[in-house]
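Everything on this sheet refers to the single structure shown next.
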Protein chains: 2
Amino acid sequence: MQRSRQRVTLITLGVRNMDRARAFYEGWGWSSHASSLPTLTLYQMHGAALALFDRDALAEDQAVAPDTLGTGAATLAQNCEDRAEVDAVFAAALDAGGTARKPPKEVFWGGYSGYFADPDGHVWEVAHNPYWPLAEDGSLTLPVPDAQAG
Amino acid sequence: MQRSRQRVTLITLGVRNMDRARAFYEGWGWSSHASSLPTLTLYQMHGAALALFDRDALAEDQAVAPDTLGTGAATLAQNCEDRAEVDAVFAAALDAGGTARKPPKEVFWGGYSGYFADPDGHVWEVAHNPYWPLAEDGSLTLPVPDAQAG
């Protein structure tokens with residue numbers, strides 16, 4: 001069975017106030033990516049991305065109440081090549097002792113994703129995002145929206 | 001003033017039982033790096049590393065009580081070129097609205113490091129580790145211990 005590749009392609013930080021959080025990261029020196037949305041601020045890093053996302057929406061995405069997020073208020077994501085890989089990597093996590101928060105399923109943004117917690121409660125997302133192709137080395141470079149490309 | 005580079009070079013997950021945590025990640029498909037120690041398990045990723053570290057020790061390193069770690073039970077670290085850059089990047093975080101947990105200082109493992117929390121309580125470490133040189137592109141490749149190098 002296919003197991004997990006050794007990578008984090010996206011770190012998501014749940015935030016209570018997007019304007020405040022964005023102001024902090026911009027003030028610290030970070031520039032948001034052109035593909036950011038009002039509800040999702042993205043930053044390109046070295047072969048991976050950091051995201052700011054509404055904390056309550058992050059809890060809903062994990063199918064837990066916001067006050068039980070725990071360390072899941074920051075999640076590590078592993079992007080996969082396709083849905084079959086998501087299913088395999090997710091199953092491997094449960095076999096290894098992880099606890100499912102939300103089994104992989106289609107999600108509103110057009111991808112396929114599940115969440116599990118490791119034995120210490122650290123929360124991972126395993127996802128396929130058809131809009132975020134991975135490089136051959138597994139790294140993620142955020143695509144620039146069409147309207148702004150060229 | 002120098003501000004933050006747009007990178008995470010190390011993700012540290014606080015764990016209550018190292019054997020259990022290591023068994024989970026190995027079972028999931030990850031191979032620990034040769035430079036791992038009994039108290040610190042390291043995994044090489046794409047230009048960055050993931051670490052498992054005792055949760056209580058992580059709290060002590062942040063100068064907080066373990067039961068007040070919050071999302072700081074998982075920390076994001078940015079490695080810098082030297083101590084002066086650590087000081088500048090740390091000061092820039094406070095100027096931008098971050099809250100100091102521990103101002104940068106020499107630490108037991110031979111480096112120099114401080115911790116702050118962003119406006120939502122997400123905890124960052126800013127560190128210089130003389131044993132972990134960064135590549136020109138800012139990526140981190142864990143060095144192999146001398147005894148095991150070829």
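The values are calculated or read from the model by the stated rules, or taken from the named source; none is laboratory data. Because the structure is predicted, anything quoted here is derived from the model rather than measured. Cβ sites come from the backbone with ideal geometry, for glycine too, and all protein chains shown count toward neighbours. Surface areas here come from the heavy atoms of the whole protein model, side chains and all, with no ligands, DNA or RNA. Shrake-Rupley method; radii C 1.70, N 1.55, O 1.52, S 1.80 Å.
Decide, for chain B, between rounded, prolate and oblate: order the square roots of the alpha carbon gyration tensor eigenvalues as a ≥ b ≥ c, take rounded if a/c falls under 1.5, and otherwise choose prolate if a/b is larger than b/c, else oblate.
It is oblate, given that a/c is not under 1.5 and a/b is not larger than b/c.
What share of Cα pairs, in percent, lie more than 19 angstrom apart in region B:1-70?
41 percent
Treating only the Cβ atoms of Lys and Arg (+1) and Asp and Glu (-1) as charged, compute the dipole magnitude of region B:1-70 about its Cα centre; round to the nearest 20 debye.
So the magnitude is around 380 debye.
How big is the dipole moment of the protein assembly as shown about its Cα centre under a simple scheme where the beta carbon of each Lys and Arg is +1, that of each Asp and Glu is -1, and everything else is neutral? Debye, nearest 20, please. Provide the component values of the computation, followed by the final result.
Numbers: 22 positive and 38 negative charges, 48 e Å.
Charge dipole, the protein assembly as shown, about its Cα centre: 240 debye, nearest 20.
Quick one: compute the contact order of chain B, relative version, from alpha carbon pairs under 8 angstrom and 6+ residues apart, as a percent.
26 percent
Just give the residues from region A:24-68 buried by at least 30 square angstrom of accessible area in the all-chains context relative to the isolated chain, probe 1.4 Å, and say none if nothing qualifies.
Those are A:PHE24, A:TYR25, A:GLY27, A:TRP28, A:GLY29, A:TRP30, A:MET45, A:HIS46, which lose 30 Å² or more relative to the chain on its own.
Leaving out ligands and nucleic acids, and using a 1.4 Å probe, what accessible area per residue does region A:1-70 come to in Å²?
42 Å²
With a 10 Å cut-off between alpha carbons and a GNM built on chain A, which of A:GLY70, A:GLY111, A:GLY14 moves the most?
A:GLY70
Kindly compute the accessible surface that chains B and A hide from a 1.4 Å probe when together, both sides summed, and give it to the nearest 100 Å².
About 3900 Å² of accessible surface is lost on pairing.
Report the per residue volume, in Å³, of the convex hull enclosing the C-alpha atoms of region A:72-137.
Cα convex hull per residue, to the nearest whole number: 94 Å³.
Label-point separation (nm) for B:THR99 and B:THR39, each offset 7 Å from Cα along Cα-to-Cβ?
Distance between label points: 2.8 nm.
Using only the Cα atoms of the protein assembly as shown, what do you get for the radius of gyration and for Dmax, in Å?
My reading of the Cα-based Rg and Dmax gives 18.1, 53 Å.
Given charges of +1 on the Cβ of Lys and Arg and -1 on the Cβ of Asp and Glu, with all other atoms neutral, how large is the dipole of chain A about its Cα centre, in debye to the nearest 20?
Dipole size: approximately 220 debye.
For B:ASP19 and B:PHE108 in one chain, what is 0.36 nm times their gap in residues minus the Cα-Cα distance, to one decimal in nm? Show your work: numbers first, answer last.
Details: separation 89, 0.36 × 89 = 32.04 nm, distance 2.34 nm.
Taking 0.36 nm per residue and subtracting the Cα distance, the gain is 29.7 nm.
Quantify, in whole percent, the carbon and sulfur part of the accessible surface of region B:72-137 (1.4 Å probe; protein heavy atoms only). Mind dumping the intermediate values first?
On the way: 1330 of 2560 Å².
C and S atoms contribute 52 percent here.
Determine the calculated [θ] at 222 nm for chain B from helices alone, applying -39500 (n - 2.57) to every DSSP H run no shorter than 4 residues and normalising by the residue count; nearest 500 deg cm²/dmol.
Theoretical 222 nm ellipticity from helices: -6500 deg cm²/dmol.
Could you sort the residues of region B:90-134 by number and keep only those whose accessible area is reduced by 10 Å² or more in the all-protein-chain setting relative to the chain alone, 1.4 Å probe?
B:ALA92, B:ALA93, B:ALA96, B:PHE116, B:ASP118, B:PRO119, B:ASP120, B:HIS122, B:TRP124
So if a site counts as exposed when it's one of the chymotrypsin sites (Phe, Trp or Tyr not before Pro), its DSSP state isn't H, G, I, E or B, and it has at most 14 other Cβ atoms within 10 Å, what's the longest stretch of chain B without one?
B:1-107
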